[in-house]
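Okay, structure first, notes after.
The numbers here are math on the coordinates, done by the rules we state, and not lab data. All values reported here derive from a predicted model rather than from experimental measurement. With ideal geometry, Cβ positions are generated from the backbone for all residues, glycine too; neighbour counts draw on all protein chains shown.
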Amino acid sequence: MRMLTICCLSLFFVSTSAWSEDPVAKQLFQAKDSLAPKADASKDAQECLDGLVWKSESFGVTLQPNKEPLDPAIVRFPSPQPTGNSINDLVALEWYSAKNEANEVIDAPAIIVVHESGSKMEVGRLIAKALHAQGLHAFMIQMPTYGYRRPEKFVPQLELVSAVMKQGIADARRARDAVAVLPHVDSRSISIQGTSLGGFVTATAAGLDRGFSTVHIMVAGGNLYELITNGNREAGQMRDMLAGAGYTGEKLRQLVAPIEPLRLAHRYDKNNTWLYTANRDQVVPPHHAAELRKAAGLDQDHEMILLADHYTGIIYVPIIVADIAKKVRQELSGRVTP
């Protein structure tokens, strides 16, 4: 599970018969942004919001059913923060659908999964499949320049780090409204989970408004400037590359400020936000999660401490996804009238 690397510039599936007689026929749905950020009393937070939000509008969502039983269905929709590249600006979601024992797609809550920085998105897919196995509709979003969104002859540009991350944050929030219109998705309950790079994206997206039912941030936190300036491993590699391009000191601070989670953390729904922190994390040291928890005003019981480092924390995935599924269902049952 890597964090902010240069890449950021850059088992269990739905049966085809559940969607269409033609297993490869695309289906089209119409969605509308539900983004509704409340004005913030903090000038700094409002400035951050102004740089991240977009004008709500209607948009099309396409569903490409899976061709093989173990393949994901693919959901596409336009990015609300386009970069001008038509390939990158068409967001892709991999849909791991919830099923019953008869292997039939069922009505269930949904969760957006935001992957790590690895180009193969292996951890994101692992978590999405595990959440699917817990009876949730899991949608792994391919971040800008990843997967289907990677333009031919793509060359990363360090000066676009902030812009690409801003697009990813917006895409993750719009994904909530894209999946809400799909069949079998319980639109009352749509959550988000992010790991490492995806955790930082999730941490900022969650501060835009209260669009997600529950929020789950894994091996991530706040204070990107300090992390890049003093970090090791992937963070250190990013620091060296940015420094080589002239991004140090105040210039670096200004580069990452527009996507800094700490600026919006106080806007979280404190009852429905949880952190999953590795106590020996050498990539995102635990104090970054502590800063985020403090800024958000989260109680200590809203942070699960993993006895692991940034990579060995993978062994906790079964425990984490079971915890997430439990919290998703608790949140939904707590506000549904019997």
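Assorted remarks:
- Label point distance in nm, T248-S187, each placed 7 Å from Cα along Cα→Cβ: 5.3
- Kirkwood radius for the stretch 230-338, taken over all pairs of different Cα atoms as the inverse mean of 1/r, rounds to 16.2 Å.
- P(r) weight above 23 Å for the stretch 24-118, C-alpha pairs, percent: 43
- Calculated on C-alpha atoms, the gyration radius of the stretch 287-338 divided by its Kirkwood radius gives an Rg/Rh of 1.07.
- When Y148, Y247, Y276 are sorted by how many other C-beta atoms sit within 10 angstrom of their C-beta, beginning with the fewest, the order is Y148, Y247, Y276.
- Rough spin-label spacing in nm, given labels placed 7 Å along Cα→Cβ, for A257 and F154: 2.9
- Taking other C-beta atoms within 10 Å as the exposure proxy, F212, F154, F200, F59 rank F154, F59, F212, F200 from fewest upward.
- Overall shape of the stretch 106-180 was characterised from the C-alpha gyration tensor. The equivalent ellipsoid obtained from it has semi-axes of 25, 14, 9 Å, in decreasing order.
- Remark: C-alpha extents of the chain on the principal axes read 58, 45, 40 Å, sorted largest to smallest.
- Think of each Lys and Arg Cβ as +1 and each Asp and Glu Cβ as -1; about the Cα centre, that makes the dipole of the chain roughly 220 debye.
- Distance between the C-alpha centres of the stretch 162-195 and the stretch 269-293: 21 Å, rounded to the whole angstrom.
- Separation in nanometres of the label points that stand 7 Å from Cα toward Cβ, at D240 and L70: 3.8
- Cα Rg over Rh - the stretch 53-179, Kirkwood: 0.98
- Projecting the Cα positions of I324, L264, V284 onto the charge dipole of the stretch 227-338 (unit charges on Cβ atoms of Lys, Arg, Asp and Glu, taken about the Cα centre) puts L264 furthest along the positive direction.
- When the Cα convex hull of the stretch 100-143 is projected onto planes of every orientation, the mean area is 3.1 nm².
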